[in-house]
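Beneath this line is the structure, given in structure tokens, with notes to follow.
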Amino acid sequence: MNIAQNIKRRRLEVGMSQQDLADALGYKSRSTIAKIEAGENDIPLSKLLDLSRALDTSIESLLTGSRPVLSPAEEGSASRPVGHGRTAAVILAGGKSTRNLQNIPNQFINVLGKPVISYCLDVYQNHPLIDDIYIVCLDQWESILLGYAQKSGITKLRGIIPAGDSGIRSVLNGLRRLRDDGFTNRDLVVLQESTRPFVTEDMISKLLTTCKAKGHAIIGESKMDNVQFLVDGQKTTYIDRSRVVDLQSPDAYTLDTLDEVFAKARRQNHPLRESCVGLLMSSLGYDLNFCEGNHNNIKIVRQEDIAIFTALVKQRD
């Protein structure tokens with residue numbers, strides 16, 4: 001990595017936004033930091049010391065990408081992000097929807113010249129805190145997926161894993177592969193639905209910060225716009241909007257948290273039919289840690305979702 005990439009990675013590790021770092025350095029706008037991280041602006045030597053202090057690291061680390069030496073107390077601290085090891089993204093692409101009016105799974109539908117799943121892969125490829133990418137893939141789509149990944153330059157891809165017969169069993173297949181590849185309890189895994197292609201860098205960074213502090217975190221959106229009721233037969237009950245969260249994706253876990261959840265499921269002979277880990281944890285009695293998502297983090301399910309996503313991409317680009 002060059003110094004621009006090292007600065008960006010360290011900023012994300014400590015959970016700072018570009019505006020936070022701009023404020024710490026006395027810049028008026030986040031655009032200055034954005035240009036530094038993009039390699040468009042050089043960094044004055046007079047600012048390097050201030051930059052290293054703001055990011056709680058050394059000048060050498062920013063210049064070379066080396067990690068600062070931690071004391072035993074720092075290394076064991078759950079609140080210090082660099083105390084964790086590798087971070088893998090597991091992209092879940094094992095589903096096949098029947099609601100999109102097309103004879104192709106949603107994750108492989110072409111939108112503006114590339115498949116939906118490639119939009120997810122690009123974000124994780126470019127995120128400095130993601131070390132490895134794995135994809136849990138629908139049977140008979142592996143070679144097509146590999147071709148898409150190669151065309152998009154996904155150099156972090158470490159493996160394509162067979163899907164299970166449910167979303168949660170696909171996660172379990174991914175977890176087993178990570179263990180086979182040497183991941184340990186200190187490592188983190190981000191689970192990403194391939195059909196939520198508008199995931200953002202900031203969303204992933206926020207998710208990882210919460211996960212490192214609490215063991216897991218799930219992106220969700222507070223549902224504050226509309227009045228909602230629970231209908232049970234002839235009875236209707238008003239739902240307090242301030243307490244309703246729309247479960248989304250991605251979600252992140254330490255590997256020991258996932259091991260604990262699946263071990264509890266085995267002890268209870270749980271059938272593992274859930275679509276995601278959040279639902280499994282809720283079924284098993286765990287409390288969930290949510291990070292606020294955004295309204296554009298849509299899931300591609302129906303034909304109209306493809307039209308909305310296409311419009312969002314055009315607006316973004």
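The values are calculated or read from the model by the stated rules, or taken from the named source; none is laboratory data. Computed from a prediction, not measured in an experiment: that's the story for all the values here. A quick note on method: Cβ atoms are made from the backbone with ideal geometry, for glycine too, and the neighbour counts reach across all protein chains shown. Note: areas computed on protein heavy atoms with side chains; ligands, DNA, RNA excluded. Shrake-Rupley method; radii C 1.70, N 1.55, O 1.52, S 1.80 Å.
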Among the residues that make up segment 22-42, is at least one of them open to solvent by 60 Å² or more (accessible area, probe 1.4 Å) and among the hydroxyl-bearing types (S, T, Y)? no
Being over 19 Å from N173 (Cα atoms) and either in contact with a Cys (Cβ under 7 Å, 6 or more places away or on another chain) or not charged (D, E, K, R) (or both) is the filter; apply it to segment 122-142 and report the residue that is most open to solvent (accessible area, probe 1.4 Å). N126
Tell me which residues, restricted to segment 231-243, are of a type outside the set (K, R) and under 22 Å from F290 (Cα atoms). I239, D240, S242
Whichever residue in segment 286-303 is in contact with a strand residue (DSSP E or B) (Cβ under 8 Å, 6 or more places away or on another chain) and among the hydrophobic types (A, V, I, L, M, F, W, C) and, among such residues, is surrounded by the most Cβ atoms within 10 Å (Cβ to Cβ): C291
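Here is a yes/no grid of residues against (1) of a type in the set (S, T, Y); (2) over 22 Å from L207 (Cβ atoms); (3) not in a loop (DSSP other than H, G, I, E, B):
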site	(1), (2), (3)
V123	no, no, yes
L129	no, no, no
D139	no, yes, no
T155	yes, yes, no
D165	no, yes, no
G174	no, no, yes
R177	no, no, yes
G182	no, yes, no
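Residue by residue, here is whether (1) farther than 24 Å from I135 by Cβ; (2) modelled with pLDDT under 95; (3) open to solvent by 60 Å² or more (accessible area, probe 1.4 Å) holds:
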site	(1), (2), (3)
Y253	no, no, no
D259	no, no, no
A265	no, no, no
L284	yes, no, no
D305	no, yes, no
Residue in segment 237-249 that is out of contact with any Gly (no Cβ under 9 Å at 6 or more places or on another chain), of a type in the set (D, E, K, R) and in contact (Cβ under 8 Å) with a residue 12 or more places away in the chain present: yes
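Somewhere in segment 5-17, is a residue among the β-branched types (V, I, T), closer than 14 Å to L129 by Cα, in contact (Cβ under 8 Å) with a residue 12 or more places away in the chain and outside any helix (DSSP H, G or I)?
Among the residues of segment 5-17, at least one is among the β-branched types (V, I, T), closer than 14 Å to L129 by Cα, in contact (Cβ under 8 Å) with a residue 12 or more places away in the chain and outside any helix (DSSP H, G or I), which makes the answer yes.
When segment 193-227 is examined, which residues are found to be assigned to a loop (DSSP other than H, G, I, E, B) and more than 16 Å from I91 (Cβ to Cβ)? Can you show your working first?
The first filter runs over segment 193-227 and keeps only residues assigned to a loop (DSSP other than H, G, I, E, B), leaving 194-200, 215, 223-227.
Within segment 193-227, G215, K223, M224, D225, N226, V227 meet the criteria.
Please count how many residues of segment 199-230 are out of contact with any His (no Cβ under 7 Å at 6 or more places or on another chain), open to solvent by 20 Å² or more (accessible area, probe 1.4 Å) and not β-branched (V, I, T).
Taking segment 199-230 as the starting set, the residues that turn out to be out of contact with any His (no Cβ under 7 Å at 6 or more places or on another chain) are 199-200, 202-203, 205-211, 213-220, 222-230.
Next cut, open to solvent by 20 Å² or more (accessible area, probe 1.4 Å) only: 200, 202, 206, 209-210, 213-214, 222-230.
Checking the rest, the ones that are also not β-branched (V, I, T) come to 202, 206, 213-214, 222-226, 228-230.
The total comes to 12.
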